[in-house]
């Protein structure tokens, strides 16, 4: 086993308690979505997935389905996902058929045959870009291959401007329980200057319709620190979100990965810093939002989410995935996790479709994790919830996190980012720690993963 216990804290040495600094947003990924970093995934490891698929299914591992719908009305300047804005109806239909052919092959393999999904997630891109007939054809086929009668959650991302009563009713009727509206902001100038296709009037209309149709769980996404945002505009956006009273609000801090339009412009202009708010400002804005929502009766449930009724509203996709559930990825560039193996599909739509139509696997790269890497992955991802219990990791992985990560945890306490309460079996982040948890998580990486590019 590789140990991180004797490795000095190095990444965050510029942070001194009580010292006010402002760090500009530079290019790169801030959000830690998985572990080990994507840059370590390799084509040569794809064989491990094929080998796994011929083994017996696990008895106690929940299964999730992810289908990537890469179509959008417009590409946002900050978007780093695989999306297309130029595909017609026949091209979209061909893509759906390829995805369902891929799914059918997976469903017939021993590792997956007979299993039923615990959760389903439609991501993008813009899943709501699909027409009602396309949505029905897609989900009917999915249910034929793996019935949804035991599903706890069907999550669906939507862009407000693509929604109307007929489409929202269809989305509800196909079984969606968690509708996530990509609002991002309520100011039209901020939306437009960041490349968003929708405007505030479309948000109001879509949200009102969704509420009238009785969706079980409506979430809205916001982004703190977009181009041309200000204190005044952000406060107005938070006030509007509080007034709308959604079940859940997810708030991200603006990042600028390498494959975004913002970075391409930065590179062309020879600039190293992005034209967005600095990290201290973004954290301050998220903290302001958290505080305002708490005043309205919401609970902060992670580094990104506030929930009106935590006993009723859950995010099954996130919680199951962070605890090691299997996630079967379908579609171009989609990511998944099966039997401890990370995998990602072909990154471009034409090669993806051609590969499927030839009868070949669309897996582009993979990474077979070690038991130690799975332990670290689960520790860092669940730390995003704000608190973890050491006994959980001792029982599941046989790891004493208080010993394994003693230097990191001592440093976090000394900086005021968290507190270790061994007597009560708890490691808890402070609000300050929670607001910058993604940059803290790198300290728990194995040594050779710490300094590598994340993607």
message: Among the residues of segment 9-19, are any surrounded by fewer than 15 Cβ atoms within 10 Å (Cβ to Cβ), modelled with pLDDT of 50 or more and more than 13 Å from residue 444 (Cα to Cα)?
response: no
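Considering 99, 114, which residue is modelled with pLDDT of 95 or more and on the phi > 0 side of the Ramachandran plot? Please lay out each step first, then the result.
Values: 99 fails: on the phi > 0 side of the Ramachandran plot.
Of the residues listed, the single one that is modelled with pLDDT of 95 or more and on the phi > 0 side of the Ramachandran plot is 114.
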- line: Expected output for segment 225-242 (first residue farther than 20 Å from residue 203 by Cα and not assigned by TED's automatic domain parsing to the domain that holds residue 188, partner modelled with pLDDT of 95 or more and crowded, with 18+ Cβ neighbours inside 10 Å, Cβ below 7 Å, 6+ apart or cross-chain) is none
message: Taking the criterion of being within 17 Å of the chain's Cα centre (by Cα), under 15 Å from residue 225 (Cβ atoms) and either not assigned by TED's automatic domain parsing to the domain that holds residue 386 or not in a strand (DSSP E or B) (or both), would at least one residue in segment 262-269 satisfy it?
response: no
- prompt: Scanning segment 274-298 for residues that are assigned to a loop (DSSP other than H, G, I, E, B) and in contact (Cβ under 8 Å) with a residue 60 or more places away in the chain, which turns out surrounded by the fewest Cβ atoms within 10 Å (Cβ to Cβ)?
  reply: 278
- line: How many residues of segment 101-113 are within 20 Å of residue 356 (Cβ to Cβ), free of Cβ contacts under 8 Å to residues at least 60 places away in the same chain and either not assigned by TED's automatic domain parsing to the domain that holds residue 53 or not in a helix (DSSP H, G or I) (or both)? The answer is 3
query: Can you tell me how many residues in segment 188-202 are over 20 Å from residue 122 (Cβ atoms) and either crowded, with 22+ Cβ neighbours inside 10 Å or not assigned by TED's automatic domain parsing to the domain that holds residue 127 (or both)?
result: 2
query: Among the helices (runs of 4 or more DSSP H) contained in segment 351-455, which hold 1 or more residues that are surrounded by 20 or more Cβ atoms within 10 Å (Cβ to Cβ)?
result: 371-383, 390-397, 401-404, 406-414, 431-435, 437-440
task: May I ask you to verify whether residue 327 is within 22 Å of residue 95 (Cβ to Cβ), buried (at least 22 other Cβ atoms within 10 Å of the Cβ) and touching a strand residue (DSSP E or B) at 6+ places or on another chain (Cβ under 6 Å)?
output: yes
message: Whether any residue in segment 376-388 is outside the structural domain of residue 446 (by TED's automatic domain parsing), farther than 30 Å from residue 94 by Cβ and without any contact (Cβ under 8 Å) to a residue 60 or more places away in the chain is what I want to check.
response: no
- prompt: Counting only residues that are in contact with a strand residue (DSSP E or B) (Cβ under 8 Å, 6 or more places away or on another chain) and surrounded by 16 or more Cβ atoms within 10 Å (Cβ to Cβ), which one in segment 80-94 is nearest to residue 30 (Cα to Cα)?
  reply: 81
- prompt: So residue 301 clears everything in (1) in contact with a helix residue (DSSP H, G or I) (Cβ under 9 Å, 6 or more places away or on another chain); (2) surrounded by 16 or more Cβ atoms within 10 Å (Cβ to Cβ) except one condition, right? Which one?
  reply: (1)
message: Cβ-Cβ under 7 Å, sequence separation 6+ or interchain: first residue in segment 33-53 and buried (at least 19 other Cβ atoms within 10 Å of the Cβ), partner at pLDDT below 95. Which pairs?
response: 37/452; 37/454
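Could you check, for segment 271-290, whether at least one of its residues is in the same structural domain as residue 172 (by TED's automatic domain parsing) and within 30 Å of residue 167 (Cβ to Cβ)?
yes
The values are calculated or read from the model by the stated rules, or taken from the named source; none is laboratory data. Bear in mind that the values here come from a model prediction, so they are computed numbers and not experimental data. Here Cβ is always computed from backbone atoms with ideal geometry, including for glycine, and neighbour counts include all displayed protein chains.
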